Amino acid sequence: MDMFLNIFVAAVLAGTPLLFGTVGEIINEKVGHLNLGVEGMMSIGACAGFMVGYMTDNFVLALIASFVAAALSSLIYAVLTVTFMANQNVTGLTLTIFGVGLSNFVGIYMLSKSENGTLKLPANITEQMRDIHIPVLSDLPVVGKLLFSYNPFVYIGIIIAVIVGFYLYRTRIGLNVRAIGENPAAADAGGIKVAKLKYINLLIGGGICGIGGAYCSMIINGGVWINNNVGGLGWIAVALVIFASWKPTHAIGGSFIFGALRVLKYYIPKSVFPFPNAFYDMLPFLITAIVLVIASIRQSKENNIPKSCGVNYFREER
């Protein structure tokens with residue numbers, strides 16, 4: 001039982017940045033944009049969140065900074081693909097290269113200015129990111145550790161996923177967003193402001209991805225700045241969108257499953273499975289590739305990619 005609890009908790013913690021990236025990308029794709037810049041937006045959010053936290057010693061400000069910085073990077077993507085109708089795939093890939101490069105550049109610059117050549121978050125902000133202890137609930141046997149023993153990012157991620165799910169599937173604006181993703185010309189003819197909703201949702205999705213990046217730099221790395229701290233999680237998040245069938249609430253379970261794959265090497269005895277650690281490091285990416293292959297073969301009307309995803313909308317052609 002203790003082993004199961006430990007694996008479950010570790011899977012949740014390892015899957016949390018994937019949850020943010022997946023939910024952010026779901027919003028992007030639901031509005032008709034296949035944004036391959038998730039890795040870049042997460043990297044920019046990681047840099048902004050860490051640096052603001054480092055300089056202000058305030059967790060809330062760091063969280064806001066990660067959201068705003070990633071949203072601004074997403075604005076670049078939005079302008080290029082919505083207004084100038086640039087190729088979405090190329091623009092997304094460029095955003096990834098730009099985001100990772102900018103994050104590393106700022107990190108190296110800040111490291112060169114530090115006294116001892118390292119950047120570590122102050123003790124106060126580290127304390128604010130510790131696991132939340134909820135009186136009575138956190139002390140419950142088994143259930144307390146399973147549900148009430150996590151840092152603030154975990155609960156924020158789950159709340160965001162639930163809110164986004166409600167927004168997309170239970171509100172009129174969400175219905176309009178899904179209509180744009182399926183047929184922007186018909187939505188436009190029906191009086192829906194296509195460009196406006198595209199901009200808003202692309203920025204929101206990018207900002208959510210940025211919070212996932214902040215988790216990587218502030219939690220996973222132990223509050224010490226390391227370059228390339230997102231480490232490919234943005235690419236896994238893109239595949240997780242398919243795994244979650246474009247539903248934010250399904251992304252919660254999917255991200256934790258992939259989180260479990262990331263921590264398997266710490267819990268599987270090598271005497272039973274004598275694989276090197278590199279095999280377990282590769283496993284999430286292998287499963288990601290398998291998910292993409294299966295999704296390309298499977299045909300499902302209910303759980304399929306929005307029809308206009310990846311295709312720019314030119315109003316004069318409708």
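Quick look at the numbers
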item: Residues of region 88-119 classified as loosely packed, with under 14 Cβ neighbours inside 10 Å and more than 22 Å from the chain's Cα centre (by Cα), total; result: 9
item: Of residues in region 14-36 being among the hydrophobic types (A, V, I, L, M, F, W, C) and crowded, with 24+ Cβ neighbours inside 10 Å, the one farthest from the chain's Cα centre (by Cα); result: 31
item: Residue 76 surrounded by 16 or more Cβ atoms within 10 Å (Cβ to Cβ) and at pLDDT 95 or above; result: yes
item: Residue match in region 223-236 (condition: closer than 11 Å to residue 21 by Cβ, outside any loop (DSSP other than H, G, I, E, B) and open to solvent by 70 Å² or more (accessible area, probe 1.4 Å)); result: yes
item: Residue match in region 134-148 (condition: free of Cβ contacts under 8 Å to residues at least 60 places away in the same chain, hydroxyl-bearing (Ser, Thr, Tyr) and not in a helix (DSSP H, G or I)); result: yes
item: Residue tally, condition out of contact with any helix residue (DSSP H, G or I) (no Cβ under 9 Å at 6 or more places or on another chain) and touching a residue at least 12 places away in the same chain (Cβ under 8 Å), over region 155-182; result: 2
item: Residue within region 241-259 that is touching a helix residue (DSSP H, G or I) at 6+ places or on another chain (Cβ under 9 Å), open to solvent by 60 Å² or more (accessible area, probe 1.4 Å), assigned to a helix (DSSP H, G or I) and in contact (Cβ under 8 Å) with a residue 60 or more places away in the chain present; result: yes
item: Selection within region 265-280 - outside any loop (DSSP other than H, G, I, E, B) and modelled with pLDDT under 85; result: 277
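The rows are residues; the columns are (1) polar (S, T, N, Q); (2) under 18 Å from residue 210 (Cα atoms); (3) part of a loop (DSSP other than H, G, I, E, B).
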site	(1), (2), (3)
107	no, yes, no
115	no, no, yes
130	no, no, yes
154	no, yes, no
159	no, yes, no
163	no, yes, no
166	no, no, no
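The values are calculated or read from the model by the stated rules, or taken from the named source; none is laboratory data. Please read these numbers as outputs of a predicted model, since none were measured by experiment. Please note: Cβ atoms are built from the backbone with ideal geometry, for glycine as well, and neighbour counts cover all protein chains shown. Calculation scope for accessible area: heavy atoms of the full protein, side chains included, ligands and nucleic acids excluded. Shrake-Rupley method; radii C 1.70, N 1.55, O 1.52, S 1.80 Å.
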